[in-house]
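Structure, as C-alpha cells:
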Amino acid sequence: MWKGNIQDRIIYEDKALIVCHKPAGIAVQHAKMGVMDLESMLKNYLAEKGESPYLAVIHRLDQPVEGILVFAKTPAAAKELNRQLTSSQIVKEYLAVTVSNPSAENGELVDFLVKDSRTNTSKVTTATDKNGKKAILYYQILKSVNSPEDTQKSFLIKIRLKTGRHHQIRVQMANAGMPLLGDRKYNTTDKNEVSLGLCAAHLKFQHPLNKKEMDFEIQPEGNAFLRFL
C-alpha cells in the first residue's frame, strides 16, 4: 500500500480543480474500512490548508491502475467538467503492456460489456444483450522489446478510450487476445510478479473557468513498464 505524501502527487491545482497522479493500489473512492482512499486524502489536504473540503470526482481509475485524474473543487467546475466528459471532450490516453503478440499494429475494438457486481468483473456479451453497454477503444503499438528472460516479446501500447466502461481496457484487450501484463482478473495465466501494466498517462481537457487547454502527461512508475524506460 502506498504510504507517501498526497501533496507530492498533485500535478496542478488552482481554485477550480486539482490534477493528481494516482498511485497504483489506492482506491479513488470508498476504500474498505480503515483504509484511506484518494478522495479522502485530497479532502483532508484541502481542509488542512483552510479551504473548503468540497471535491467532486469527475472520472475514476481501477484500484490497481496508476494515472492522472482531475477533481473539481467547486460545483460549477464539476458541472462543466462532467459536461466535457459526457460529450467525449476529455481526452484520456493510456499506456499498456502485453506479452501477447497483437494481430495488428493498430486498430479499433468495439464490444458490448456487461458488469457482474457480485464478482466486480465485466465480460464481453452480445449486441442483443439488454444489459450490455457498447465499449469502444483505439490502440496503437508504440514499441516492442524482449522480456528480461528473452523468452518472449513485450509490447507497449497506447490506448485511447471512446467510452468509459467498467474495466473496459482490461476486458477488451483480453478478449482481443492481448491481455495486460500483471492483470490478476483477466490474465489468469500470467505468472509474472509485476504491477498491472496499465497507466492513465495522458489527460487533456478545457479549464472549466477560462477554457484554456489543460494538457498533462506522466511517465508510468509500475515495474511492468521498466523494460521500456
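Any residue that is touching a helix residue (DSSP H, G or I) at 6+ places or on another chain (Cβ under 8 Å) and modelled with pLDDT of 95 or more - is there at least one of those in the range 163-172? Within the range 163-172, not a single residue is touching a helix residue (DSSP H, G or I) at 6+ places or on another chain (Cβ under 8 Å) and modelled with pLDDT of 95 or more. Scanning the range 132-142 finds one or more residues that are touching a Phe, Trp or Tyr at 6+ places or on another chain (Cβ under 7 Å), open to solvent by less than 30 Å² (accessible area, probe 1.4 Å) and part of a loop (DSSP other than H, G, I, E, B). Selection of the range 188-229 for residues being assigned to a loop (DSSP other than H, G, I, E, B), over 16 Å from GLY25 (Cα atoms), open to solvent by less than 40 Å² (accessible area, probe 1.4 Å) and at pLDDT below 90 yields only ASP190.
One line per residue, one yes/no per condition, for (1) closer than 24 Å to LEU180 by Cβ; (2) of a type outside the set (Phe, Trp, Tyr):
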{"position": "ILE10", "(1), (2)": "no, yes"}
{"position": "ASP37", "(1), (2)": "yes, yes"}
{"position": "TYR45", "(1), (2)": "no, no"}
{"position": "TYR54", "(1), (2)": "no, no"}
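Close Cβ contacts (under 7 Å, 6 or more residues apart or on different chains) running from residues in the range 41-53 that are under 16 Å from HIS21 (Cα atoms) to residues that are open to solvent by 30 Å² or more (accessible area, probe 1.4 Å) comprise LYS43/PRO53; TYR45/GLN7.
Out of ASP62, ASP111, ASP37, ASP116, which single residue is open to solvent by less than 20 Å² (accessible area, probe 1.4 Å), acidic (Asp, Glu) and over 20 Å from GLU213 (Cβ atoms)? Sole residue among the options that is open to solvent by less than 20 Å² (accessible area, probe 1.4 Å), acidic (Asp, Glu) and over 20 Å from GLU213 (Cβ atoms): ASP37. Given (1) out of contact with any Ser or Thr (no Cβ under 9 Å at 6 or more places or on another chain); (2) without any contact (Cβ under 8 Å) to a residue 24 or more places away in the chain; (3) assigned to a strand (DSSP E or B), identify the lone condition not met by GLY107. Of everything listed in (1) out of contact with any Ser or Thr (no Cβ under 9 Å at 6 or more places or on another chain); (2) without any contact (Cβ under 8 Å) to a residue 24 or more places away in the chain; (3) assigned to a strand (DSSP E or B), GLY107 misses just condition (2). Scanning the range 67-103 for residues that are within 30 Å of ASN192 (Cβ to Cβ) and open to solvent by 40 Å² or more (accessible area, probe 1.4 Å) turns up ASN101, SER103. The residue of the range 54-97 that is farthest from LYS158 (Cα to Cα), among those that are assigned to a strand (DSSP E or B) and without any contact (Cβ under 8 Å) to a residue 40 or more places away in the chain, is ALA56. Screening SER122 with (1) open to solvent by 50 Å² or more (accessible area, probe 1.4 Å); (2) in a strand (DSSP E or B); (3) among the polar types (S, T, N, Q) gives one miss only, at (1). Once the range 107-162 is narrowed to residues that are hydrophobic (A, V, I, L, M, F, W, C) and over 20 Å from the mean Cα position of the chain (by Cα), the residue that is farthest from PHE225 (Cα to Cα) is ALA127.
The values are calculated or read from the model by the stated rules, or taken from the named source; none is laboratory data. Only a predicted model underlies this, so the values are computations on that prediction, with no experimental measurement involved. Quick reminder, even Gly has a Cβ in these numbers, built from the backbone with ideal geometry, and neighbours come from all protein chains shown. With ligands, DNA and RNA removed, areas are computed over all heavy atoms of the protein, side chains included. Shrake-Rupley method; radii C 1.70, N 1.55, O 1.52, S 1.80 Å.
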